[in-house]
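J.: Pasting a structure here, questions to come.
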Amino acid sequence: MERHINRDQVLCIAGDPLRDFDLLTLTDVAKLLRCSKAHVSKAVAGRVPGCPPIPVVSLGRRKLVRRTTLLAWISENEGAARDATIATSPLRGVGKRA
């Protein structure tokens, strides 16, 4: 009787070096944060106001995020959000001509 082994079983036996690093693609990060990949790309580039950039490992144009780094970034953001104060919005209609 011939037994078939799928890819995941081979990786568990042989060991997947990338799994040891636990690197995430921007798509993986977007799924975990429940937002779009475009928004994650903006966060990585530091173009999201009030939010520190997400640290990445760059391989040319490809960006990867370590899971532990992402978890630390989330904790840092939670602390910053807790300590922040909400600015009052400007009055509506001020400076408009009648």
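The values are calculated or read from the model by the stated rules, or taken from the named source; none is laboratory data. Keep in mind it's a predicted model, so treat the numbers as computed, not measured. Please note: Cβ atoms are built from the backbone with ideal geometry, for glycine as well, and neighbour counts cover all protein chains shown.
J.: Exactly one condition in (1) modelled with pLDDT of 65 or more; (2) part of a loop (DSSP other than H, G, I, E, B); (3) at negative phi is not met by THR85; state its number.
T.: Exception for THR85: condition (1).
J.: Pairs needed: first member in region 70-85, closer than 15 Å to VAL56 by Cβ; second member anywhere, surrounded by 10 or more Cβ atoms within 10 Å (Cβ to Cβ) and at pLDDT 85 or above; C-beta distance under 6 Å; at least 6 residues apart or different chains.
T.: Short answer, once both residue conditions are applied: TRP73/ILE54.
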